[in-house]
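Please treat every number below as a calculation from the coordinates, not as lab data. For clarity, every value in this text was computed on a predicted model and none was experimentally measured. Note that we place each Cβ from the backbone using ideal geometry, even for glycine, and neighbour counts take in every protein chain shown.
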Amino acid sequence: MKARRVLGIDPGTRVTGYGIVEGDSSRLSLLACGEITLDTNIEMASRLLALYEEIMSIITEFHPDSAAVEKVFVSRNADSALKLGHARGVVLLAVRKSNLDLYEYTPAMVKKSLTGNGRAEKFQVAGFVRAILGLDERISPDASDALAVACCHLLLGSDVVGLS
């Protein structure tokens with residue numbers, strides 16, 4: 001089976017995590033990960049433009065085959081959910097503009113694919129991400145979440161259908 005390269009994204013309006021993972025369901029390796037930190041002192045439209053440009057830059061640099069994005073967690077705070085929806089929309093636009101296959105996963109599906117428990121705690125998921133990718137150092141929570149989504153996609157293999 002040919003190794004695939006996946007861009008995992010955990011969208012946010014303040015910090016968006018990203019991770020590039022390559023491999024197949026039997027062996028995964030980290031190519032890059034990090035955070036896109038957005039300036040909260042500028043208007044939302046300018047923040048969203050900056051997010052779009054950063055995602056496009058990452059796609060251009062790493063040439064992923066597909067993107068895996070975490071689905072929106074429905075919040076009780078409508079304003080926060082709306083802002084997160086804006087960031088997700090920008091991420092989805094960048095992915096589609098780049099002609100990448102798009103896959104979306106709920107937080108519970110990501111947790112279950114990595115830990116076997118859909119209600120695992122964040123620290124447990126981060127530990128599995130480090131173990132799966134053979135990392136000694138800790139990574140930021142947002143980058144870890146993005147890597148978890150990418151790993152989830154590669155671990156589930158061809159059982160997942162792309163979303164439009």
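Assorted remarks:
- T106 being within 14 Å of the chain's Cα centre (by Cα) and surrounded by 12 or more Cβ atoms within 10 Å (Cβ to Cβ): yes
- Considering only residues in the range 32-80 that are of a type in the set (D, E) and more than 23 Å from C151 (Cβ to Cβ), the one that is surrounded by the most Cβ atoms within 10 Å (Cβ to Cβ) turns out to be E53.
- Search result, residues across the range 94-142 that are in contact (Cβ under 8 Å) with a residue 24 or more places away in the chain and in contact with a Phe, Trp or Tyr (Cβ under 7 Å, 6 or more places away or on another chain): A94, P107, L114
- Count of residues meeting criterion [touching a residue at least 60 places away in the same chain (Cβ under 8 Å) and surrounded by fewer than 24 Cβ atoms within 10 Å (Cβ to Cβ)] in the range 1-19: 5
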